[in-house]
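K.L.:
The structure's right below; bear with me while I get my questions together.
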Ligand code: PHE
C-alpha cells in the first residue's frame, strides 16, 4: 500500500459512496479536488481516487508546492442526474468526511464540481480551496489551469517545432469543458487550425463560434494535427489509441491521460512528445494555493502559473538529452505515478 490513508464511506444522507484517498501528507497538507462522476461500479471510483491522488503528489512536487496529493471521488451510478436537494445532501456527506481529517486534507473543484459546491461542502477555509470570492476564496481555478495549459503548449511547440508561436499550428482539443474551452484560441486571434470534440453535443455551438471543425471524441483523439490536447477524462491514451495517433505532440489538462505508465514508452517509441499531465495541469493548484495560502497577488500567482512553460521546457530538454520519455524525468514509471 502506497497511500497514507483511504476512506470509503456510504454517505449517511445520500447513500452514495464517498471515497477519499490521501496519497501522502509528508510534504505538507494533502490537497486534491472533489470529483463527482459516474462509474459502473463504485470500486472503479476507488481505483480512480488512488491514481488521481498519487498524480496530485507528483503535480505538487513538480510545481514546487509544499503539499501532498489526495483526491475525493464520489462514484455516481452511470448516467445519474442529481437534483439540487440530492446534490446538497451529497456535498454535506463529503464535508463530514473532510471535517473528520481535521485539516490534514483540503479539497477543491474537480470534474463535476465548482466553487459554489465548495461552499456547500464546508466554509472552513483550511479545508477547502476555490470558495467563491464573496465567500473569501480565489474562485474558479479553471481559467488558471487553462493559462498554464497555454504556457505549456507554447513551450511544447518551441521544443518540437522550433517556435512558441501557436498561430498556424493545428490543434485538436478533446473536451470543451471549463478548462478545455478557454484553451481554445479566440476566433481569428492566431489563425490556429482547430479540431474540437466533446461528449456533449450541445458544445457544438461553441465549436461553430470558434470556427473549429467538430468531430466525435474518438476521432478527435486520432486527428491529423500538430498537437493533441486531452481536456476531458483520463485513461484516453491506451496502446491501441497510441498506435493510431496522427499528432506530433500531446499536452493537455486532463488528469491521468495514460491508461498505464508504460504507455509513455509507446508514445516515445512512436516519436510523439507527450508532456506529462501532472506538469501541464498544475495551474489551478499553483494559483489557488499561492493566493489563498502564500498571500501572492493575482499577478504574482499568474506569473507562477505561466512558469509551467519554463518547467516543461526544462523537462523536455532533459528528456531529449537523455533520450527518454518526458514522463521519466518527472518520475513516471513508478507504479502509482499516474
Ligand atoms: N482539480 C484540481 C486538480 O486536479 C484540484 C484543485 C484545484 C485542488 C485547485 C485545489 C485547488 O489539480
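K.L.:
In the chain, what % of DSSP beta bridges are antiparallel (nearest 5)?
P.N.:
30 percent
K.L.:
Same structure, new question: Using the beta-carbon distance between residue 314 and residue 92 and R0 = 45 Å, what value does 1/(1 + (r/R0)^6) give for FRET efficiency, to the nearest 0.05?
P.N.:
0.55
K.L.:
Going from the alpha-carbon gyration tensor of the stretch 5-139, what semi-axes, largest first and in whole Å, does one get by taking the root of 5 times each eigenvalue?
P.N.:
They are 22, 18, 12 Å, listed largest first.
K.L.:
Same structure again: Compute the helix-to-body angle for 283-293: its Cα long axis versus the longest principal axis of the chain, expressed 0 to 90° and rounded to tens.
P.N.:
Tilt relative to the chain: about 40 degrees.
K.L.:
Please list, by residue number, everything in the stretch 80-112 whose backbone N is under 13 Å from a paramagnetic label point 7 Å out along Cα→Cβ of residue 126.
P.N.:
99-106
K.L.:
What is the pair-distance distribution P(r) of the chain, computed from all Cα-Cα distances in 10 Å bins starting at 0, with each bin given as a whole percent?
P.N.:
Whole-percent P(r) values from 0 Å outward: 6, 27, 36, 24, 7, 0.
K.L.:
Sorted by packing (mean other beta-carbon atoms within 10 Å per residue), highest first, where do 107-120, 261-274 land?
P.N.:
107-120, 261-274
K.L.:
Another question, if that's okay. To the nearest 0.05, how large is the calculated FRET efficiency for residue 219 and residue 324 if R₀ is 30 Å and r is the Cβ-Cβ distance?
P.N.:
0.45
K.L.:
Quick one: length gained pulling residue 246 to residue 1 fully straight, 0.36 nm per residue minus the C-alpha distance?
P.N.:
84.4 nm
Read-outs throughout are calculated quantities, based only on the coordinates presented, and are distinct from any laboratory measurement. These numbers come from a predicted model, not from an experiment. Because the Cβ atoms are built from the backbone with ideal geometry, glycine has one as well, and the counts that use them run over all protein chains shown.
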